[in-house]
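Note sheet for the following structure.
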Amino acid sequence: MTASAGTGVFVLSLMSIPTFVVSAFNLFELINENSNIRFILKKTPVDPLFYVYAVYAILSVVNLIIGLEQDNIIDGFVTFYLKVADPHINTAHGHMISYWDGCFHYLMYLLMIAAITWGDSYRAIGLYWVGSCLMRSIVYILGNAVGKYGIKLGPLFLVHMLYVSCIWNLIYFFFQNIKKVEQRSLPHRPLDLLFVIYLILAFAFCVFRGLIVLDCSSPWAQDYRNHYEPYLKDPSAYPKVQMLVSMLYSAPYYVVALYGLMVPGCEWMPDLTLVHSGALAQSQFSHIGASLHTRTPFSYRVPVDSQPVFLLINVLYAVVPQLLCYRCHTKPAFFLRTTTENKTD
């Protein structure tokens, strides 16, 4: 008797249900006593996402069990977990994403696992899942950080950060349609490597400030706001709107720019950096100036002893995109398609 790797993942995911585990052990014992039947696993899939989706499939079944027990449809399966878990999981939104993950995401994982096992393309399903997973993660994680449960988040909340890895999946799917061209890998392009590091830090920084203006209850957010950028509390609302726009538009740009620096042939990269660098120059100029201006009430101005750190962070945040734009326009070869690709198109 044989079973494919995809079938193996399906069976393994069902083992998240305790009663199924008991039944499975009884079945295996019966088989061992009466026959020499063995499950022979076919060739191990080489696609690394196979194993990622296998883990996610197991977590999806767990989430379905959590949703069912929260609504008292079943009882006694994850009672201990619900007692020690973060309180946000007991909200109505937490209930609904448990069902979504346990049903729809689980179906997507099985379809993608089956496609990998059979050697078929799963790019369309994968991109659909990326969109769903990103929306789930953004709303859920930011809502938890900003909402009334922000100060009650525990280590188990970090499990939800696993879903952010869907961004890597998105890049992976786009890689499948990119033809290979002559290029030097990122470690052999030290300047681009520095820009990649900056983009990651800039992404974290703009999201962090967005959370601050959304009244994030984290002690880190409050300390940063009180000691380094009290202007974010200004009742004029200009800094709040600025940070929200930055989080909603600049953050996606940083992800796209990371892709453009790693994958050759992105002809849109120079134009995109030009638009973003102009926008960021204007916004940072206004933000830095207003934070130090005498027209700003004294209580919302940057404290004198914190000004060096404030200026260092914000000036770097404004200048590096200008340097990235300059690099893309003066040395655009990496972003241009080869002659062979253009003829093919």
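The values are calculated or read from the model by the stated rules, or taken from the named source; none is laboratory data. Model, not experiment: these values are computed from the prediction. Every residue, glycine as well, gets a Cβ built from its backbone with ideal geometry; the counts of neighbours run over all protein chains shown. Note: accessible area is taken over every heavy atom of the protein model, side chains too, but ligands, DNA and RNA are not part of it. Shrake-Rupley method; radii C 1.70, N 1.55, O 1.52, S 1.80 Å.
The heavy atoms of residue 328 offer some 0 square angstrom of accessible surface to a 1.4 angstrom probe. In the frame of its principal axes, the range 190-330 has Cα extents of 49, 28, 25 Å, reported largest first.
Report the per residue volume, in Å³, of the convex hull enclosing the C-alpha atoms of the range 257-326.
On the way: hull volume 6.1 nm³, N = 70.
Each residue corresponds to 87 Å³ of Cα convex hull volume.
For residue 189, the solvent-accessible surface computed with a 1.4 Å probe is close to 20 Å², ligands and nucleic acids excluded.
When ranked by the protection proxy of mean other Cβ atoms within 10 Å per residue, highest first, what sequence do the peptides 220-233, 55-68 form?
Details: 220-233: 17.1, 55-68: 20.7.
Packing order, densest peptide first, comes out as 55-68, 220-233.
In plain terms, the chain from residue 245 to residue 124 could stretch by 40.6 nm, reckoned as 0.36 nm per residue minus the Cα-Cα distance. Could you check the simple spin-label distance between residue 71 and residue 309, using points 7 Å along Cα→Cβ, in nm with one decimal? About 4.8 nm, to one decimal. Shown here is the pair-distance distribution of the range 206-257: with all Cα-Cα distances grouped in 5 Å bins from zero up to the longest one, the shares run 4, 23, 29, 22, 14, 6, 2 percent.
For the range 190-330, the solvent-accessible area with a 1.4 angstrom probe is 51 square angstrom per residue. Per-residue accessible area (protein heavy atoms, 1.4 Å probe) orders 273, 294, 117, 330 as 294, 330, 117, 273, starting from the largest.
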